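Just so it is clear, none of the values below were taken in a lab; they were calculated from the coordinates. Since the structure is predicted, the reported quantities are computational estimates derived from the model, not experimental observations. Note that each Cβ is placed from the backbone with ideal geometry, even for glycine, and that neighbours are counted across all protein chains shown.
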Amino acid sequence: MRKNIVAGNWKMNTSVVEGEALIQGILERMQEVPSSVQLVVAPPFTHLVPAAAALRGSSVALSAQNCADQLKGAYTGEVAAPMIAGIGCQYVILGHSERREYYGETSQTLVRKIDLALAEGLKPIYCVGEKLEEREANRHFEVVEAQIREVLFHLTPEQFAQVVIAYEPVWAIGTGKTATAEQAQEIHAFIRKTIADQFGQTAADEVSILYGGSCKPSNAKELFACPDIDGGLIGGAALKAEDFIGIAVSF
Ligand code: 13P
């Protein structure tokens, strides 16, 4: 059956030293976390090597926040999937709305990133989600369906089995405005049906679909109680060990 996952997307926050302290804080409280919950941390690139060393021997997995859409070569400033996999990352976040919005990531770019990540044995945490005006126009289902179809539908069932999906409504990210459990469950169920139609019911039953957007200890329980919400992709609340663990114990 599918995994429950709580993943912390640190975004562009913390110094290396602060990051190490955050990881220590998480490790010290791991005994509180049910063994059925997979914790993942996604620090900035500069932190990944020391983070991999700090996490060795623990059950916390390491993720990058992005990877290049090219394998190697003259791409100044980019970090390639083999580099990320080579230092011990198991996951990579792809298609975050901030990357789509501020760095012009398109479905075309994301197809290349997903393929390169999978070729290196990385598990993509593929983010989807509508903007406020799209929800207000009642277009959220079609927007999310297109984001999934355009980037994931070319995968083989074996490749798709490695993918985690994160639904993050853009209007709920960093705004303090969480989707209600009903709103989140409704679209998570729709995402699972979209997957079932393309990859079959077993694949749909096995894919973990995470909710992201102002998730915190006080609302995680209600969200995680929904049948199609398998965990969270956490931003702001992942920057404090107490809050991150507070969310992880909400299953
Ligand atoms: P917040 O939890 O800060 O709203 O961010 C969510 C997010 O974007 C995680 O990727």
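Filter the chymotrypsin sites (Phe, Trp or Tyr not before Pro) in region 87-166 down to the DSSP loop ones having no more than 15 other Cβ atoms within 10 Å, then list what survives.
Within region 87-166, the qualifying chymotrypsin sites (Phe, Trp or Tyr not before Pro) (loop, at most 15 other Cβ atoms within 10 Å) are Y103, F153.
Each label point is 7 Å from the Cα along the Cα-to-Cβ direction; what then is the distance between the points at R149 and Q24, in nm?
5.1 nm
Let me have the 222 nm mean residue ellipticity of the chain computed from DSSP H runs of 4+ only, each contributing -39500 (n - 2.57), with the sum over all residues rounded to the nearest 500.
Counting only the DSSP helices, I get -12500 deg cm²/dmol.
Identify, among S214, A85, F199, the residue whose Cα sits farthest towards the positive end of the charge dipole of the chain, taking +1 on the Cβ of Lys and Arg and -1 on the Cβ of Asp and Glu, with the dipole about the Cα centre.
About the Cα centre, the residue reaching furthest to the positive side is A85.
Show the residues, 5+ positions off or on another chain, whose built amide H is closer than 5 Å to the amide H of E105.
Sorted by chain and number, the residues that satisfy this are R100.
Sort the following peptides by mean Cβ neighbour count (other Cβ atoms within 10 Å, averaged over residues), highest first: 213-224, 17-28. Spell out each step's value before the answer.
Numbers: 213-224: 20.5, 17-28: 16.8.
Descending packing order for the listed peptides: 213-224, 17-28.
For a quick check: with amide H placed at 1.01 Å from N, whose amide H comes under 5 Å from V92's, ignoring anything fewer than 5 positions away on the same chain?
Amide H neighbours of V92, under 5 Å, 5+ apart: A64, K123, I125.
Which order results if K193, K72 are arranged by neighbouring Cβ count within 10 Å, fewest first?
Ordered by Cβ neighbours within 10 Å, fewest first: K72, K193.
Could you tell me which of rounded, prolate or oblate describes the chain, using a ≥ b ≥ c as the square roots of the eigenvalues of the alpha-carbon gyration tensor, with rounded for a/c under 1.5 and, failing that, prolate when a/b is larger than b/c and oblate otherwise?
Rounded shape, in that the Cα axes give a/c under 1.5.
At 0.36 nm per residue, and after removing the present C-alpha to C-alpha distance, how many nm does the segment from Q198 to K3 gain when stretched out fully?
68.1 nm
As an exercise, find the ratio Rg/Rh for region 6-60 from alpha-carbon atoms, using the Kirkwood inverse-distance average for Rh.
0.94
Along region 191-200, what does the Karplus equation 6.51 cos²θ - 1.76 cosθ + 1.60 (θ = phi - 60°) give for ³J(HN,Hα), rounded to whole Hz, x for Gly and Pro?
Result, rounded to whole Hz: 4, 5, 5, 4, 5, 4, 5, 8, 10, x.
Starting from the Cα of E136, step 7 Å along the direction of its Cβ; do the same at A189; then give the gap between the two resulting points in nm.
For the pair E136/A189, the computed spacing is 2.7 nm.
Rg and Dmax in Å for region 114-194, alpha carbons only: what are they?
For region 114-194, the Cα radius of gyration and maximum Cα-Cα distance read 13.6, 39 Å.
If you plug each phi of region 132-145 into the Karplus form 6.51 cos²θ - 1.76 cosθ + 1.60 with θ = phi - 60°, what whole-Hz ³J(HN,Hα) values come out, in order, with x for Gly and Pro?
4, 5, 6, 5, 5, 8, 6, 9, 4, 5, 5, 5, 5, 4
Let me know the volume per residue of the alpha-carbon convex hull for region 1-142, in Å³.
149 Å³
I need to check one value: relative contact order of region 66-166, counting alpha carbon pairs closer than 8 Å and at least 6 residues apart, in percent.
About 29 percent, as a whole number.
Listing D115, D228 from the residue with the fewest other Cβ atoms within 10 Å to the one with the most, what is the order? Before the final figure, lay out the partial values.
Values: D115 16, D228 19.
So the ranking, lowest neighbour count to highest, is D115, D228.
Who wins for biggest fluctuation among A181, A172, A137 in a Gaussian network model of the chain, springs between alpha carbons below 10 Å?
Most flexible of the set in this elastic network: A137.
Report the calculated FRET efficiency for Q70 and A225 (r = Cβ-Cβ distance, R0 = 51 Å), to the nearest 0.05. Don't jump to the answer; show the numbers that get you there.
On the way: r = 42 Å, r/R0 = 0.82.
E(calc), rounded to 0.05, equals 0.75.
Given H placed 1.01 Å from N in the peptide plane, which residues other than close sequence neighbours of A166 have an amide H under 5 Å from its amide H?
So A166 has HN proximity to Y126, C127, V128, L210.
Which chymotrypsin sites (Phe, Trp or Tyr not before Pro) does region 1-79 hold that lie in a coil by DSSP with at most 12 other beta carbons within 10 Å? Display every interim value, and only then the final one.
Values: sites: W10, F45, Y75; in loops: W10, Y75.
For chymotrypsin sites (Phe, Trp or Tyr not before Pro) across region 1-79 that sit outside H, G, I, E and B with at most 12 neighbouring Cβ atoms in 10 Å, the list reads Y75.
So what are the ³J(HN,Hα) numbers for region 223-234, from phi and the Karplus equation (6.51, -1.76, 1.60; θ = phi - 60°), rounded to whole Hz, Gly and Pro as x?
Residue by residue, region 223-234 yields 5, 6, 6, 6, x, 9, 9, 9, x, x, 10, 10 Hz.
Calculated FRET efficiency, R112 and M12, Cβ-Cβ r, R0 25 Å, to nearest 0.05?
0.60
How high is the relative contact order of region 1-130, in percent, with contacts defined as C-alpha pairs under 8 Å that are six or more residues apart? Let's see the in-between values first.
Working: 190 pairs, mean separation 28.0, N = 130.
Once divided by the residue count of region 1-130, the mean separation gives 22 percent.
Using +1 at the C-beta of Lys and Arg and -1 at the C-beta of Asp and Glu, which of P157, A146, S97 has the Cα lying farthest in the positive direction of the dipole of region 58-176?
P157
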